[in-house]
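Right, one structure below, let's go through it.
Read-outs throughout are calculated quantities, based only on the coordinates presented, and are distinct from any laboratory measurement. Bear in mind that the values here come from a model prediction, so they are computed numbers and not experimental data. All Cβ positions, glycine included, derive from the backbone under ideal geometry; neighbour counts span all protein chains shown.
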Amino acid sequence: MSTLRLYLRLQAMTFVFGIVGPIFLFIYFSIQPDPTVRWMYWWGLLITVTDILVALYLTDSMTARARDDTARQRSPSDS
């Protein structure tokens, strides 16, 4: 459960930093279909997917580091 909580916090943080992606998608789907705003769809999608992947990567690296630290504390010291 703590991993999910960590992911949700990181996802919220990346959406705050990359809010322009969801804004582009919202504007694209709110206005009438117009070929001149097609770029908003693709850039909004790219930015939003990047935000999600960054949050997943950060969650994985932070949980892996915590697992490694726990494993080191449990193993006997060789020195």
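Which residue out of Val37, Val16 is of a type outside the set (Asp, Glu), in a helix (DSSP H, G or I) and under 29 Å from Thr3 (Cβ atoms)?
After ruling out the rest, the residue left standing is Val16.
This table checks each residue for (1) among the aliphatic types (A, V, I, L, M); (2) surrounded by 10 or more Cβ atoms within 10 Å (Cβ to Cβ).
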| site | (1), (2) |
| --- | --- |
| Ser2 | no, no |
| Pro35 | no, no |
| Arg38 | no, yes |
| Thr50 | no, yes |
| Leu53 | yes, yes |
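Going by the conditions given, is Thr63 out of contact with any Cys (no Cβ under 6 Å at 6 or more places or on another chain), surrounded by 11 or more Cβ atoms within 10 Å (Cβ to Cβ), polar (S, T, N, Q) and free of Cβ contacts under 8 Å to residues at least 40 places away in the same chain?
Against the criterion (out of contact with any Cys (no Cβ under 6 Å at 6 or more places or on another chain), surrounded by 11 or more Cβ atoms within 10 Å (Cβ to Cβ), polar (S, T, N, Q) and free of Cβ contacts under 8 Å to residues at least 40 places away in the same chain), Thr63 does not qualify.
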